[in-house]
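All remarks here apply to the structure that follows.
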Amino acid sequence: MNAPFTPSRRDFLAAGGSLAVAFTVPALAQAPAGAPRLPGDLQTNRKLSMWLRIEAGGKVRLLVGKVEIGQGALTAVQQICADELCVDFDRIVLTSGDTELVPNEGATAGSLSMPGCGTAVRHAAADARQILVKLAAEKWQVDATKLDVEDGTIRGDGKAISYWDLVSGQELEIEATGQGPLRPQDKRRYIGKSHARIDLPAKMTGQAIFVQDLRPQGMVHGRVVRLPAYGASLQSADTGAIEKLPGVLKVVRDGSFLGVIAEREEQAIAAADALREAARWTLLKGQPTSETVYDWLLAQVPQDILIKDQPRKERSAAVATVEAEYRRPYQMHGSIGPSCALATFGSDGVMMIQTHSQSVFETRNAIAMLVGIAPQKVRCQHVQGSGCYGHNGADDVAADAALLARAFPGRPVRVQWMRHDEHKWEPYGSAMVTRVKAGLDGDGNVLDWDYQLWSTSHLTRPNNNAGNLLAGGVLAKAFPLPTPVNIGGPNYAADRNAIPMYEFPGQKVTTHFITSFAARASSTRALGAYANVFSIESFMDELAHRAKADPVEYRLRSLKNERARAVLQKTADMFGWSTWKKQPNHGRGIAYAMYKNVATYCAVAIEVEVDRGSGQIKVLRAVSANDAGEIVSPDGVKNQIEGGIVQSLSWSLKEAVRFDDSGVLSEDWLSYPILTFIEVPEIEVELIDRPGQPFLGAGEASQGPTGAALANAVFDAIGVRYRELPLTPERVKRVL
């Protein structure tokens, strides 16, 4: 599905297709002024030929800009296309993430693959089917509404013709309307049913589907020697001896960027180790550490952004005020396979890059700036990587490979990060501090809600700028890191899910956005929603306890959205909330959020057992109900929710990046432990399907509720409220 291939756009479109229509893939752009709004990512990629081709041999080519990062989205998108175009699933050949061939849908991020890409494909396929049926009707001089389609063959009035016999070449070279009639639910074969994932067979049989597996002919191996710490600069490096090591083809230095190219991988590793020993660096002192980072956050001069200001109309005084502060550390993506990329600088001046980037178009443009060539001369092809969960090292290793390939043209250069590269230099999820204050009435209900958060940026993706690439800031002609910005609503970033879904009479939410960094940071799964939901839902639990109210009942007092209420109540029912019996050192907790306040409704309930002697928390089980709108692949959505629960438990129980003046100290799995298989609890996920409703992104929905439900369960077990993550045995014992 995503194995690299190298035809040009002209070759690709001319290769035996019935609709061999040339088109230019544009940059992500706004629709022309006055143009009608089109559904999903059709809005910025408006021609049907950018998405679909009826090819020779009874195949349909589906082209999408979103990529497979383990979430199963491309299988779901293919299911949608098959149903709306009325063809068998196996007729579809899917091409994704190739900047030379596919529509620019931006980054595969934010749980937007289904709302953006899935919606676009649905309407593009419906438009295409309508066009083809109309052609048949005109050919036969019959009413188009009397015709039907089965597996690409149009039938009616005793006649039949296939799409492949009908088209002549230009039929889809028109702008989409988004008005093609969708297939009725009773005629769908694939939407709403779990389908075998198109990416799994190759993975299960050990085929070379991952970028780490690629071994093209003539390939050489590159390694980059990273700075020892943030802000360090290279003073000297005697490369003479390294250049004479076995297999070494070239040593590359550009400012503080140091790299080596060798014939074999072990030779590149040995040369990089020697180069590291030969390098002399100047370190910055007095930098924030993982121990002082919360004080550092609060001491910065931030941009203060008021994102919610709803004064209470009735101004009677609150009878009590409750306050709390919560903390989330820097945390890693923790990709199991370190990042990897291949780059080839050809004699035609084109830089070809195989990458597991989530943002192939933006990364292409950033790398073009980095190496000093036109964006049209850089082609990025997405190939799956081992692990993702946001903006990890994929873009940076692609930049490393491009810099080395520029210095050694003509042969593919493979750069494989080591574990210490990934752990120490990936952009982490930002540390955060939140403070909540509530004014309460006599029954403990919230009258006034005041929420504040302090955070650095969660968005330093390549974004078409070399300054966002790790190598960009250390070249002799350095590209400065752009001043970070915090995107606004409804998605937000640092303040994602900072606005509660509860209908409190008075609400004020303030983001204290910090544009400097204590450690490199960008997008991890759910961005700021993980810390914000942890804070809000922990505080709601504190308020319920103070009011001597059941945590579910207390939330329902202020939760008016019926779909939200249904998810919360279903989760409680799945858990057996009303019949659960308390045991010593056992506890239960529940939490709810609607991801981004516009995506999947998710509630999670957890049962734990706490060992007071060791401080060890054992998660016994987790249950979760979810409403993701209309569900295309139930198994796919369940996998995303379950995976999010597992990862969030790992974050919340174990994970925190440690760093000081000497650099990042968390450089392997011993110094940065994650959840092990034996620690994963029994997990039950149920879905509330909403046919006819919009697709809602589900990939990040369970991150926040899981962390909060865990902390609430621990409080219920031992009566101690922990407001700083992770809940390690050391932290638990310290209070006990």
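Going by the conditions given, is residue 162 within 34 Å of the chain's Cα centre (by Cα) and touching a residue at least 12 places away in the same chain (Cβ under 8 Å)? When the stated conditions are applied, residue 162 does not pass them.
Checking every residue in the stretch 358-371 against the condition of being over 18 Å from residue 469 (Cβ atoms) and out of contact with any strand residue (DSSP E or B) (no Cβ under 8 Å at 6 or more places or on another chain) gives zero matches. Looking only at residues of the stretch 292-309 that are free of Cβ contacts under 8 Å to residues at least 60 places away in the same chain and within 24 Å of residue 331 (Cβ to Cβ), we find that the one that is surrounded by the most Cβ atoms within 10 Å (Cβ to Cβ) is 292. Among residues of the stretch 553-582 that are more than 21 Å from residue 701 (Cα to Cα) and in a helix (DSSP H, G or I), those with a beta-carbon under 8 Å from a residue that is open to solvent by 20 Å² or more (accessible area, probe 1.4 Å) and not hydrophobic (A, V, I, L, M, F, W, C) at least six positions away or on a different chain give the pairs 557/445; 577/588.
Note on the stretch 473-494: residues that are open to solvent by less than 50 Å² (accessible area, probe 1.4 Å), farther than 23 Å from residue 707 by Cβ and in contact (Cβ under 8 Å) with a residue 24 or more places away in the chain total 5. The conditions of being over 27 Å from residue 212 (Cα atoms), without any contact (Cβ under 8 Å) to a residue 12 or more places away in the chain, out of contact with any Phe, Trp or Tyr (no Cβ under 9 Å at 6 or more places or on another chain) and among the small types (Gly, Ala, Ser) are met by residue 35.
Looking across the stretch 670-695, the residues that are more than 12 Å from residue 634 (Cα to Cα) and either polar (S, T, N, Q) or in contact with a helix residue (DSSP H, G or I) (Cβ under 7 Å, 6 or more places away or on another chain) (or both) come down to 671, 672, 674, 675, 676, 680, 683, 684, 691, 693, 694, 695.
All of 237, 241, 176, 208 fail the test of being under 30 Å from residue 40 (Cα atoms) and either small (Gly, Ala, Ser) or without any contact (Cβ under 8 Å) to a residue 40 or more places away in the chain (or both), apart from 176.
Looking only at residues of the stretch 425-443 that are in a loop (DSSP other than H, G, I, E, B) and open to solvent by 10 Å² or more (accessible area, probe 1.4 Å), we find that the one that is nearest to residue 292 (Cα to Cα) is 441.
When residue 619 is tested against (1) in contact with a Pro (Cβ under 6 Å, 6 or more places away or on another chain); (2) under 30 Å from residue 233 (Cα atoms); (3) open to solvent by 10 Å² or more (accessible area, probe 1.4 Å), only condition (2) is not met.
In summary, strands (runs of 3 or more DSSP E) completely within the stretch 275-366 and bearing 2 or more residues that are basic (Lys, Arg) occur at 320-328. When the stretch 657-674 is limited to residues that are out of contact with any Leu (no Cβ under 8 Å at 6 or more places or on another chain), open to solvent by 10 Å² or more (accessible area, probe 1.4 Å) and in a loop (DSSP other than H, G, I, E, B), the one that is farthest from residue 428 (Cα to Cα) turns out to be 670. Of everything in the stretch 261-291 that is in contact with a Gly (Cβ under 7 Å, 6 or more places away or on another chain) and among the hydrophobic types (A, V, I, L, M, F, W, C), the residue that is modelled with the lowest pLDDT is 284.
One residue stands out in the stretch 69-103 among those that are in a loop (DSSP other than H, G, I, E, B) and under 17 Å from residue 695 (Cβ atoms): the one that is most open to solvent (accessible area, probe 1.4 Å), namely 71. Of the residues 262, 196, the single one that is hydrophobic (A, V, I, L, M, F, W, C) and surrounded by fewer than 20 Cβ atoms within 10 Å (Cβ to Cβ) is 196. Pairing each residue of the stretch 632-649 that is under 12 Å from residue 602 (Cα atoms) with any residue that is part of a loop (DSSP other than H, G, I, E, B) and of a type in the set (Asp, Glu), provided the two are 6+ apart or on different chains, yields C-beta distances under 7 Å for 644/700. Per the conditions (1) open to solvent by 20 Å² or more (accessible area, probe 1.4 Å); (2) more than 21 Å from residue 405 (Cα to Cα); (3) in contact with a Ser or Thr (Cβ under 9 Å, 6 or more places away or on another chain); (4) not aromatic (Phe, Trp, Tyr), the sole criterion not satisfied by residue 232 is (1). Quick check, is residue 106 under 21 Å from the mean Cα position of the chain (by Cα) and part of a helix (DSSP H, G or I)? When the stated conditions are applied, residue 106 does not pass them.
Here is a yes/no grid of residues against (1) more than 23 Å from residue 561 (Cβ to Cβ); (2) of a type in the set (Ser, Thr, Tyr):
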residue: 602; (1), (2): no, no
residue: 605; (1), (2): no, no
residue: 612; (1), (2): yes, no
residue: 616; (1), (2): yes, no
residue: 623; (1), (2): no, no
residue: 652; (1), (2): yes, yes
residue: 667; (1), (2): yes, no
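Each row is one residue, and each column tells you yes or no for (1) open to solvent by 20 Å² or more (accessible area, probe 1.4 Å); (2) hydrophobic (A, V, I, L, M, F, W, C); (3) at pLDDT 95 or above; (4) touching a Lys or Arg at 6+ places or on another chain (Cβ under 9 Å).
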| residue | (1), (2), (3), (4) |
| --- | --- |
| 655 | no, no, yes, no |
| 720 | yes, yes, yes, no |
| 731 | yes, no, yes, no |
| 736 | yes, yes, no, yes |
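Quick one: is residue 245 open to solvent by 30 Å² or more (accessible area, probe 1.4 Å), modelled with pLDDT of 95 or more and assigned to a loop (DSSP other than H, G, I, E, B)? Spelling it out, residue 245 is indeed open to solvent by 30 Å² or more (accessible area, probe 1.4 Å), modelled with pLDDT of 95 or more and assigned to a loop (DSSP other than H, G, I, E, B). Can you tell me which residue among 312, 364, 327 is more than 28 Å from residue 646 (Cα to Cα), under 24 Å from the mean Cα position of the chain (by Cα) and open to solvent by 10 Å² or more (accessible area, probe 1.4 Å)? The unique qualifying residue is 364. Scanning the stretch 370-394 for residues that are out of contact with any Gly (no Cβ under 8 Å at 6 or more places or on another chain), open to solvent by 30 Å² or more (accessible area, probe 1.4 Å) and assigned to a helix (DSSP H, G or I) gives 375, 376. Within the stretch 495-548, being open to solvent by 10 Å² or more (accessible area, probe 1.4 Å) and among the charged types (D, E, K, R) holds for 496, 503, 508, 520, 525, 541, 542, 546, 548.
For the stretch 603-616, give me the residue count where each residue is surrounded by fewer than 24 Cβ atoms within 10 Å (Cβ to Cβ) and either modelled with pLDDT under 95 or under 23 Å from the mean Cα position of the chain (by Cα) (or both). Result for the stretch 603-616: 0. Scanning the stretch 596-615 for residues that are assigned to a loop (DSSP other than H, G, I, E, B), over 30 Å from residue 109 (Cβ atoms) and in contact with a strand residue (DSSP E or B) (Cβ under 8 Å, 6 or more places away or on another chain) gives a single hit, 611.
The values are calculated or read from the model by the stated rules, or taken from the named source; none is laboratory data. Everything numeric in this text was worked out from a predicted model, so none of it was measured. Every residue, glycine as well, gets a Cβ built from its backbone with ideal geometry; the counts of neighbours run over all protein chains shown. For accessibility, only protein heavy atoms count, side chains too; no ligands or nucleic acids. Shrake-Rupley method; radii C 1.70, N 1.55, O 1.52, S 1.80 Å.
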